[in-house]
Structure formats: C-alpha cells, structure tokens
Amino acid sequence: MTFDHDIKATVRTIPDYPKKGILFRDITTLLADARAFRRAVDELVHPWAGAKVDKVAGIEAR
C-alpha cells in the first residue's frame, strides 16, 4: 500500500460536517494507530531531512 492510501484509510471522513458541503477529516483515528501515526510523521519529516530548520509553525483551524 502507498502512504496516500494508508492515510486515507486511517483518517475518518465525516461528510457535511459542520455544515453541508464540507468534508471534515477526523485525525483522531490516525492518532490512535501508532504505526500509521509514526509513518505520517516520518513522511512529514522526510523532505526536510538534513536541512537546518530553526522553527516550525503549527497552524490549526477550527
């Protein structure tokens, strides 16, 4: 399986939440799966391996 397929299979999608036309991606199912979460983190880190990163910003939207 590819990473993209693994993530789509792990992250729960809730249609029409919080309102019609929106697909809410619930990552709590990803967080509950240690193997999938580790792979997601590894994939996020991979492009930056060896780079000098001083700061990381986590943008959250609710």
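A compact table of results
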| read-out | value |
| --- | --- |
| Region 2-27: number of residues that are of a type in the set (F, W, Y) and without any contact (Cβ under 8 Å) to a residue 40 or more places away in the chain | 2 |
| Per-region count, region 1-17, residues within 14 Å of F37 (Cα to Cα) and out of contact with any Asp or Glu (no Cβ under 9 Å at 6 or more places or on another chain) | 5 |
| Residue in region 12-19 that is part of a helix (DSSP H, G or I) and not hydroxyl-bearing (S, T, Y) present | no |
| Looking only at region 42-62, and only at residues there that are among the acidic types (D, E) and assigned to a loop (DSSP other than H, G, I, E, B), the one that is farthest from the chain's Cα centre (by Cα) | D54 |
| When residues of region 16-40 are limited to those that are loosely packed, with under 12 Cβ neighbours inside 10 Å and under 16 Å from T2 (Cα atoms), the one farthest from the chain's Cα centre (by Cα) | R35 |
| Exclusive hit being among the aliphatic types (A, V, I, L, M) and touching a residue at least 24 places away in the same chain (Cβ under 8 Å), set A40, A34, A51, A57 | A40 |
| Among the residues listed as G58, G21, the single one being on the phi > 0 side of the Ramachandran plot and out of contact with any His (no Cβ under 8 Å at 6 or more places or on another chain) | G21 |
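Read-outs throughout are calculated quantities, based only on the coordinates presented, and are distinct from any laboratory measurement. Worth saying up front: this structure is predicted, and the values here are computed from it rather than measured. With ideal geometry, Cβ positions are generated from the backbone for all residues, glycine too; neighbour counts draw on all protein chains shown.
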